[in-house]
Structure formats: structure tokens, C-alpha cells
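To start, the structure itself, in C-alpha cells.
The values are calculated or read from the model by the stated rules, or taken from the named source; none is laboratory data. Note that this is a predicted model, so its numbers are computed, not measured. Positions of Cβ are backbone-derived with ideal geometry, glycine not excepted, and every protein chain shown enters the neighbour counts.
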Amino acid sequence: MPAQEPFPGAAFFHKGQHSPVITAMGKRLVAEGCGKYRTSPGPEWTDADRESYAAWQHKLGFSASDADGTPGQQSWDRLHVPATSGGGHQVSSPVPGHAVTTSYHKKGPHWSLGYHTGADYAAAKGTPCVAVLSGTVRAGQDGSFGNYLVLRSGGFDYWYCHLSERDVTSGPVRAGQQVAKVGSTGNATGPHLHFEKRPAGGRFGSDMPPNW
Ligand SMILES: [Zn+2]
């Protein structure tokens, strides 16, 4: 049997999620006779995925909240989704559906270094933030960045700041996995994600263009 895609966690499955894992899952649901798709499945998570997955959960004998269409570990393992490997998940924004609203290195007196050390994504409080790459996260808190998460991946640290909530506070995460929600904690005038990149372990001021 080919390698299986590991369960990415229930929080991975949310509106706006765009991943080859969704496509691979959908193809398996169709093969199991559970497909509720009007077009071919994936790569975006939709209501058709939820309906199809709920049909799979019912087929396995789950009911009520265990058959609500949100994938769980047990039903996922029994679906045998083939590993998507290789290129991995492409994440186009740390706040899916939202673009940069205040750019990196913009100059201004209200930034302590005289310029903006990251890129801001303005969005309503509670908007999901996702890991831009697979890696490991840790959580922290301070007066300027508020509640933050640091994602370490490939020799870099990606800082997620001003969060209202963290969905994960430590350990491994996958690209595209929901890790936190937008907020305005710390020194922020309104809800937004301040997204900053540094070399792994780099201090404030070692920022670099926040691409991934
Ligand atoms: Zn900022």
C-alpha cells in the first residue's frame, strides 16, 4: 500500500483552505461511494467536502457530532488518503483570503526602528491564520507584539503577532494548518496580523522580506 497522508488535524479543514490534501481526500471519498461533489473534488475545502466526509463517517458507523463532516483521526486513518508528498502545500497568505495592507519596510515615526519590520494583514478579529510552511511553533507574549506565535521552518522564524487566540502553542504544524486567529493584542490600533520573518533565533531588527 502506498504511503498515507498523515491526519493534518481538525483545524486544517476550514473555508479557504487550499491544499492537494483536500483533492486526495476527495478522490478517496468518491472511490468509497461517499462523493457529494458537483464537480471534481479539491483543492479547496467546501461544503461538498463536508457533506462527502459526513457520508464517510456514517458509512463507518459514526453518528451525531462524530459524523458532522469534520475529519477526525480515526475516520481519516481508515480512509487511506495517499500521501501528497513533494511540493507540499502552497499557502498564498498567512491569513487566507487577505492581502498585505501595510507593507514591509514602510517608513513611519510610530515604528521603533523608523520602519515597519514585517507585513500587516488587516482582517476581522477571529479570522484564521495558517502556517505558511511546515515547521514547529512556540508561543509567547509581550507588550508590543501581544500574543504571538513563532513558526520555525527552514532556518527562519516567522512571527505571527497581535493574535486573539492561538490554536496551537507548541510542536509541529503543517503548511496550511490553522494555528491562530487575528486580534489586536499588544501595541496595535486595530485587528491585524503582523507577520515578520527573521533568521532562526534572530533578534528584533534582524528582519528580512517576509516571503516564504
Ligand atoms: Zn505590523
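All conditions but one from (1) modelled with pLDDT of 95 or more; (2) more than 16 Å from the ligand (Cβ to nearest atom); (3) surrounded by fewer than 16 Cβ atoms within 10 Å (Cβ to Cβ) apply to P172; the one that does not is (1). Answer yes or no: is there a residue in the stretch 189-204 that is assigned to a loop (DSSP other than H, G, I, E, B), hydroxyl-bearing (S, T, Y) and either assigned by TED's automatic domain parsing to the domain that holds T127 or away from the ligand (no atom under 12 Å from the Cβ) (or both). Checking the stretch 189-204: at least one residue is assigned to a loop (DSSP other than H, G, I, E, B), hydroxyl-bearing (S, T, Y) and either assigned by TED's automatic domain parsing to the domain that holds T127 or away from the ligand (no atom under 12 Å from the Cβ) (or both).
For the stretch 178-188, the candidate set comprises residues that are under 13 Å from the mean Cα position of the chain (by Cα) and surrounded by fewer than 24 Cβ atoms within 10 Å (Cβ to Cβ); within that set, the residue that is farthest from the ligand (Cβ to nearest atom) is Q178.
Can you confirm whether the stretch 117-137 contains a residue that is among the hydroxyl-bearing types (S, T, Y) and within 14 Å of the ligand (Cβ to nearest atom)? Yes. Look at G97 and say whether it is in contact (Cβ under 8 Å) with a residue 60 or more places away in the chain and either within 16 Å of the ligand (Cβ to nearest atom) or more than 17 Å from P209 (Cα to Cα) (or both). Spelling it out, G97 is indeed in contact (Cβ under 8 Å) with a residue 60 or more places away in the chain and either within 16 Å of the ligand (Cβ to nearest atom) or more than 17 Å from P209 (Cα to Cα) (or both).
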